[in-house]
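Engineer: Just passing along the structure, written as structure tokens.
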Amino acid sequence: MKTNICGYHADMRPTTKDLAEAAGVSLATVDRVLNGRAGVHKKTIDAVNEAIRKIGFERNQIAATLARRRNYRFAFVLPRDGDEYLSEITARIRETQDASRADMIEIKAMRVDDHDPHQTARSLARLRSEDFDGVAIMASETPQIRDAIRRMRERGIQTIPFISNQHDEDQQDFVGIDNCAAGRTAGRLMGRFVGSRAGDIGVITDTMQARDSLERRLGFDQVIKGSFPNLRVLPTLETYGDGERAIGIVRNTVTHHPSIAGFYLMGSEARVPLEALSGMRPHNKLVAIAHERTPSTVTGLRDGRLDAVVTQDPGHLVRSAVRILRAKCENRPTVASQEKIRIEILIEENL
């Protein structure tokens with residue numbers, strides 16, 4: 001009977017006992033590492049992972065899941081404010097929940113006040129490892145929220161940033177598009193649609209506390225400044241989801257910048273600033289680029305208020321988050337190409 005280089009029979013899989021012996025740790029420690037539980041030193045985790053590679057250990061995930069005697073429990077933490085795009089996300093969460101029952105996965109959506117980072121941090125602090133195995137978090141980047149996420153991981157809860165990234169050296173996974181690339185894409189579209197005309201570009205978003213807005217603005221500026229010197233990008237203006245504020249922002253921008261050539265609606269919720277743009281475009285020949293496919297952006301493309309929408313598939317986002325959280329709980333890799341969220345461009349003709 002043939003054996004592999006580690007001495008195991010080729011037709012026999014190494015067991016967890018073999019893995020414990022190869023790593024020089026107890027079976028209990030192997031179990032904690034394989035299930036991503038807290039309280040294991042990084043040196044020990046590295047030793048187990050090296051032993052996995054060395055002996056070719058492959059976990060029987062079906063048996064491991066059944067041995068848990070309970071379902072995986074995942075949560076999506078989403079901002080309380082936000083209507084259309086977050087409605088799309090929550091609809092896909094419900095859809096994925098229905099499809100995941102056969103895989104012993106429970107999914108819950110939670111809404112938090114993302115305008116108050118202290119309140120968000122307190123909400124995250126209440127999540128216990130006894131209640132949730134993993135959490136996908138869409139929240140602004142603040143010190144309070146970053147600290148709360150680190151403490152969640154210390155309590156044994158797997159976490160991933162969702163749609164809006166968090167700058168964290170310990171966090172390897174992020175579910176969402178490359179927002180710098182998305183901003184560059186919007187910049188390229190803006191420059192091409194405006195053409196040779198000289199003018200100003202207004203930029204509107206919900207809040208600049210969100211990392212996705214910061215990265216999109218960076219990418220947008222790179223392209224406009226590098227390729228379209230006829231255009232000048234104005235400072236970003238924040239609506240905080242307030243309709244009256246958005247109307248005031250648009251009117252003041254148009255009044256004080258008579259050479260305005262276009263608006264970049266940079267946030268994920270374009271309904272409010274898009275409504276503020278209603279009635280202005282035909283007279284001013286404004287170019288408008290927005291993010292995310294929602295009922296409002298689809299209507300905007302069809303009635304001519306929008307020229308293009310840079311978007312990402314909400315169903316793919318949710319399914320990818322669930323797959324990554326489960327893989328993290330089971331201490332196994334994911335298929336990178338499957339989890340890559342691609343940037344899509346919508347115009348009226350390809351709706």
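Engineer: Among the residues of region 239-250, count how many are assigned to a helix (DSSP H, G or I), open to solvent by less than 40 Å² (accessible area, probe 1.4 Å) and of a type in the set (Val, Ile, Thr).
Structural biologist: So the answer is 2.
Engineer: Still on this structure: Would you mind stating whether Met190 is modelled with pLDDT of 95 or more, buried (at least 23 other Cβ atoms within 10 Å of the Cβ) and either more than 16 Å from the chain's Cα centre (by Cα) or of a type in the set (A, V, I, L, M) (or both)?
Structural biologist: The answer is yes for Met190.
Engineer: What strands (runs of 3 or more DSSP E) lie completely within region 100-169 and have 2 or more residues being small (Gly, Ala, Ser), closer than 25 Å to Ser268 by Cα and touching a residue at least 24 places away in the same chain (Cβ under 8 Å)?
Structural biologist: Result: 134-137.
Engineer: Run down Thr253, Thr236 and say which single residue is in contact with a helix residue (DSSP H, G or I) (Cβ under 7 Å, 6 or more places away or on another chain), buried (at least 18 other Cβ atoms within 10 Å of the Cβ) and polar (S, T, N, Q).
Structural biologist: The conditions single out Thr236.
Engineer: Here's something else I'd like to know. Do any strands (runs of 3 or more DSSP E) entirely within region 265-349 hold 3 or more residues that are under 26 Å from Ile249 (Cβ atoms), and if so, which?
Structural biologist: 287-291, 308-311
Engineer: Among the residues of region 81-94, which ones are surrounded by 15 or more Cβ atoms within 10 Å (Cβ to Cβ) and either more than 16 Å from the chain's Cα centre (by Cα) or under 10 Å from Pro314 (Cβ atoms) (or both)?
Structural biologist: Once the filter is applied, which keeps residues that are surrounded by 15 or more Cβ atoms within 10 Å (Cβ to Cβ) and either more than 16 Å from the chain's Cα centre (by Cα) or under 10 Å from Pro314 (Cβ atoms) (or both), region 81-94 yields Asp81, Glu84, Tyr85, Leu86, Glu88, Ile89, Thr90, Arg92, Ile93.
Every residue, every condition in (1) more than 21 Å from the chain's Cα centre (by Cα); (2) modelled with pLDDT under 95; (3) under 20 Å from Arg92 (Cα atoms), yes or no:
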{"residue": "Val254", "(1), (2), (3)": "yes, yes, no"}
{"residue": "His283", "(1), (2), (3)": "yes, yes, no"}
{"residue": "Leu317", "(1), (2), (3)": "no, no, yes"}
{"residue": "Cys329", "(1), (2), (3)": "no, yes, no"}
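Engineer: Okay, next question. If you go through region 161-184 one residue at a time, do you hit one that is aromatic (Phe, Trp, Tyr), farther than 30 Å from Ala327 by Cα and open to solvent by less than 40 Å² (accessible area, probe 1.4 Å)?
Structural biologist: no
The values are calculated or read from the model by the stated rules, or taken from the named source; none is laboratory data. This is a predicted model, so every value here is computed, not measured. Cβ: placed from backbone, ideal geometry, glycine included. Neighbour counts: every protein chain shown. All accessible areas refer to the heavy atoms of the entire protein, side chains included, with ligands and DNA or RNA removed. Shrake-Rupley method; radii C 1.70, N 1.55, O 1.52, S 1.80 Å.
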